[in-house]
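A quick write-up on the structure given underneath.
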Amino acid sequence: MTTTLTRSFPEHVPPERIWDYDIDAFVAGSADPYEAIARLHEGPDIVWAAGGYRGVGGWLLTRHADIRAFFDQSGSYPQELK
């Protein structure tokens, strides 16, 4: 018996920005987790990760400069992330 998961994506996310993987499975599928994560640099600088944190979809920044810029913008994200 085969089970197929059907994921839904927000309508505002362009198809080329959808990364339809579970982050834990993606990293576990490689002998070197750093090499696996480095493969993210082959795609867009920001993607909608379908299986992001604990299987919940969300935006995933793949470039250090973008991550740094996000956290440097105090006040632009929820208080609980500060």
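So for region 51-58 (the condition being in contact with a strand residue (DSSP E or B) (Cβ under 9 Å, 6 or more places away or on another chain), surrounded by fewer than 13 Cβ atoms within 10 Å (Cβ to Cβ), at pLDDT 85 or above and assigned to a strand (DSSP E or B)), does at least one residue qualify?
yes
Taking Arg17 as the residue in question, decide whether it is at pLDDT 90 or above and of a type in the set (D, E, K, R).
yes
Could you list, in sequence order, all residues of region 22-54 that are hydroxyl-bearing (Ser, Thr, Tyr) and more than 21 Å from Asp66 (Cα to Cα)?
Ser30
Answer yes or no as to whether Ser8 is loosely packed, with under 13 Cβ neighbours inside 10 Å, at pLDDT below 80, under 17 Å from the mean Cα position of the chain (by Cα) and not in a helix (DSSP H, G or I).
So Ser8 fits the description; yes.
Which of the residues spanning region 17-41 are among the aliphatic types (A, V, I, L, M) and surrounded by 13 or more Cβ atoms within 10 Å (Cβ to Cβ)?
So the first thing to find is which residues in region 17-41 are among the aliphatic types (A, V, I, L, M), and the list is 18, 23, 25, 27-28, 31, 36-38, 40.
Answer for region 17-41, where residues must be among the aliphatic types (A, V, I, L, M) and surrounded by 13 or more Cβ atoms within 10 Å (Cβ to Cβ): Ile18, Ile23, Val27, Ala36, Ile37, Leu40.
For region 42-50, check the following and say yes or no: at least one residue is surrounded by fewer than 15 Cβ atoms within 10 Å (Cβ to Cβ), in a loop (DSSP other than H, G, I, E, B), at pLDDT 90 or above and not basic (Lys, Arg).
Within region 42-50 (the criterion being surrounded by fewer than 15 Cβ atoms within 10 Å (Cβ to Cβ), in a loop (DSSP other than H, G, I, E, B), at pLDDT 90 or above and not basic (Lys, Arg)), the answer is yes, since at least one residue qualifies.
The values are calculated or read from the model by the stated rules, or taken from the named source; none is laboratory data. Predicted model, so just to flag it, every value in this text is computed and none were measured. Because the Cβ atoms are built from the backbone with ideal geometry, glycine has one as well, and the counts that use them run over all protein chains shown.
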